[in-house]
Amino acid sequence: MSTPSQPLRQPGLIVYLCGLGTSALALWLVQIANDNGENIMGWYANGIIPAGAFIVGVGSGVGYAVGSRLLQVKLSLAFVFGMITTAVVDYFAAHYLTYLSIIELHHIPADRYGFIDYFREITEGMSFKSKSSGEAGSPLGMWGYFYKLLEICGYAGGAMVPSMMVFGMPYCKGCQQYLKKHRTGYLHAPEQWSVVKKLKKKERLAALQASIKDLIVRANEFTKPIAAAPLAETEAALATLDQTIHKDAAARITYTLKKCPRCDAHHLDLNLFNYTEDKKVANSTVATIDKTKVADGVAA
Ligand SMILES: [Zn+2]
């Protein structure tokens, strides 16, 4: 009989506070840069991608990710999406604090110059610096709102990135622990890159394709018997693989076994590394076998 697992811990208040902490820090640094004449939020790549806001967002979101990882809290998808709202609130809160500091500095009564007035002014008055002269261009007017919206989306999107990365990490629900890397093994293609490299491009492509195809067939044969096997059997099988990387192999599949620190729940990741006909390297995930559910009954 499997023991009923304990209810999942909700993303704790501490995780949330960690996120708010890094958000405040990131937005504070933006403010310092602003005071020194550098508007990080206004950095655009290709004139339209809000790269600066995105980077600031990633910095803001680090606290949620690190907090949940260290405290072994599994983030729910709802929490990750809930962060969009928090990020938008943080964004306006940061502007509001700037507004407060401006009216205080100039002793302006708030009823004469409200936050809306301030936001309209910075939005409609926004302009891009000319790349050649470094001088400010003409104000964007209504287009400013479009760019502010891009900025907010970039910031909120960036804030989600660190959490999305932790969200994708394998997790044992029974023990409420993130899995840890436990063992690796390599399956190599017999073809040597130093030989294949010398072929003409067309032949090189054909050789690589054949090599990868064979390797995947072998990987499937190897994986099938252990796909649902218990941990000990899976470990023993991985021990029969190559334990070091053969650098000259045209392709290889890396088996990574990740295990729960408390029980036998584990994950098996298959990753393909190969050279390409353009003499570059490529990495791709072939399969992920989640065996955390198989081991649930064994969990303490
Ligand atoms: Zn476990």
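The values are calculated or read from the model by the stated rules, or taken from the named source; none is laboratory data. All values reported here derive from a predicted model rather than from experimental measurement. So basically every Cβ, Gly included, is an ideal-geometry build from the backbone, and we count neighbours across all protein chains shown. To get the accessible areas, we keep the full protein, side chains included, count just its heavy atoms, and leave off ligands, DNA and RNA. Shrake-Rupley method; radii C 1.70, N 1.55, O 1.52, S 1.80 Å.
Could you check the range 262-277 and list, in sequence order, the residues that are within 16 Å of the ligand (Cβ to nearest atom) and assigned to a strand (DSSP E or B)?
266, 267, 268
Across the range 190-218, the number of residues qualifying as basic (Lys, Arg), touching a residue at least 24 places away in the same chain (Cβ under 8 Å) and under 16 Å from residue 272 (Cβ atoms) comes to 1. Annotation note: Cβ proximity below 7 Å between a residue of the range 88-113 that is under 30 Å from residue 160 (Cα atoms) and a residue that is among the aliphatic types (A, V, I, L, M) and in a helix (DSSP H, G or I) (sequence gap 6+ or interchain) occurs for 88/152; 88/156; 90/27; 91/152; 94/27.
Mind telling me which of the residues 259, 280, 247 ends up being open to solvent by less than 50 Å² (accessible area, probe 1.4 Å) and either closer than 14 Å to residue 182 by Cβ or more than 16 Å from the ligand (Cβ to nearest atom) (or both)? Criteria check complete, one pass: 259.
Of the helices (runs of 4 or more DSSP H) lying entirely inside the range 40-125, those carrying at least 3 residues that are open to solvent by less than 20 Å² (accessible area, probe 1.4 Å) and assigned by TED's automatic domain parsing to the domain that holds residue 146 are 51-70, 77-105. Selection within the range 164-197: residues that are surrounded by 19 or more Cβ atoms within 10 Å (Cβ to Cβ) and part of a helix (DSSP H, G or I). The member of this set that is farthest from the ligand (Cβ to nearest atom) is 196. Among the residues of the range 234-241, some residue qualifies, meaning at least one is among the small types (Gly, Ala, Ser) and either within 16 Å of the ligand (Cβ to nearest atom) or surrounded by 13 or more Cβ atoms within 10 Å (Cβ to Cβ) (or both). Among the residues making up the range 159-189, a single one is modelled with pLDDT of 95 or more and more than 23 Å from residue 258 (Cα to Cα): 189.
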